[in-house]
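The values are calculated or read from the model by the stated rules, or taken from the named source; none is laboratory data. These numbers were taken from a predicted model, which means no experiment stands behind them. Using ideal geometry, Cβ is built from the backbone for each residue, glycine included, and neighbour counts are taken over all protein chains shown. Accessible surface is based on the protein model in full, side chains and every heavy atom, while ligands, DNA and RNA are left aside. Shrake-Rupley method; radii C 1.70, N 1.55, O 1.52, S 1.80 Å.
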Amino acid sequence: AERGSLLPRADIAVGDAVIGLASSGVHSNGYSLVRRLVADIGIGWQRPAPFAHETSLGAALLTPTKIYVKPVLSVLRQGGAIKALAHITGGGLVENLPRVLPDGLGARIDLGAIKVPAVFGWLAREGQIAEAEMLRTFNCGVGMVAVCPKTEAEAVCRAFEALGEVANVLGEIAQHSAGNRVTFSGTLRLAS
């Protein structure tokens with residue numbers, strides 16, 4: 001990478017859009033909890049997944065982690081709209097998004113804007129996992145986040161979609177002074 005194009009950029013500002021790229025599933029986070037949950041309910045790994053009957057539970061839970069390198073590099077080459085990127089791994093949005101934000105800034109995320117895969121609804125229900133814990137343990141359907149100016153958000157989403165990604169605006173960058181740097185409105189739409 002060229003020194004002048006390193007991310008995150010210093011010009012991240014209040015009002016910038018937070019765009020989420022869909023995950024392919026659990027990715028590689030929270031598997032200790034997943035294994036314990038599967039053992040506790042006594043379902044076999046080879047049985048049909050309760051949330052995806054066409055595949056086994058084991059295969060569904062081990063859907064390979066989506067790799068975002070090629071689409072991200074392609075969109076970055078198309079222009080300078082993206083100011084920051086955060087890979088949403090263990091710790092979810094709560095711990096990963098703040099890592100790319102300057103001091104004094106946080107993010108407001110609308111949980112209703114997240115397209116939550118059925119696996120997360122099943123995990124929450126079967127494990128009786130509270131929403132706050134789901135958001136700290138799993139990606140809940142968001143594998144990567146991009147920050148860009150609000151005026152560029154639609155174009156950035158279209159660029160990702162042209163490359164086969166599912167992208168949508170999840171929220172915005174906001175002032176932060178105390179407490180959690182990522183705040184949420186709405187609730188996760190966990191499939192039943």
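Side notes on the structure shown:
- Think of segment 1-115 as a dipole: +1 on every Lys or Arg Cβ, -1 on every Asp or Glu Cβ, centred on the Cα centre; then among L85, G25, A59, A59 lies furthest on the positive end.
- Comparing Cα centroids, segment 25-52 and segment 160-181 end up 28 angstrom apart.
- When +1 charges are put on Lys and Arg Cβ atoms and -1 charges on Asp and Glu Cβ atoms, the dipole computed for segment 106-173 relative to its Cα centre reaches about 60 debye.
- By DSSP, the beta bridges lying fully in the chain are antiparallel in about 85 percent of cases.
- Relative to the current alpha-carbon distance between R35 and K150, full extension at 0.36 nm per residue lengthens the span by 37.4 nm.
- Potential lengthening of the chain between L6 and A191 amounts to 62.8 nm, from the contour at 0.36 nm per residue minus the alpha-carbon distance.
- The calculated 222 nm mean residue ellipticity attributable to helices in the chain amounts to -8000 deg cm²/dmol, summing -39500 (n - 2.57) over DSSP H runs of n ≥ 4 and dividing by all residues.
- Fraction of accessible area attributable to carbon and sulfur, the chain (%, probe 1.4 Å): 52 percent
- Cα-based shape type of segment 30-107, given that a ≥ b ≥ c are square roots of the gyration tensor eigenvalues and the cut on a/c is 1.5: oblate
- Sparse-neighbourhood loop sites, chymotrypsin sites (Phe, Trp or Tyr not before Pro) in segment 6-103 - DSSP loop, at most 16 other Cβ within 10 angstrom: W45
- Using Cβ point charges alone (K and R +1, D and E -1), the dipole size of the chain about the Cα centre works out to roughly 280 debye.
- Cut-off 20 Å, label 7 Å out along Cα→Cβ of H87, residues of segment 7-45 by amide N: 7-9, 19-32
- Local electrostatic count at M134 - Lys and Arg +1, Asp and Glu -1, tallied over other residues with Cβ under 13 Å: 0
- Cα-centred dipole magnitude for segment 1-111, charges only on beta-carbon of K, R (+1) and D, E (-1), debye, nearest 20: 260 debye
- Net length available on complete extension from E133 to K66 is 21.9 nm, with 0.36 nm assigned per residue and the Cα-Cα distance removed.
- Per residue Cα convex hull volume in Å³ - calculated over the chain: 118 Å³
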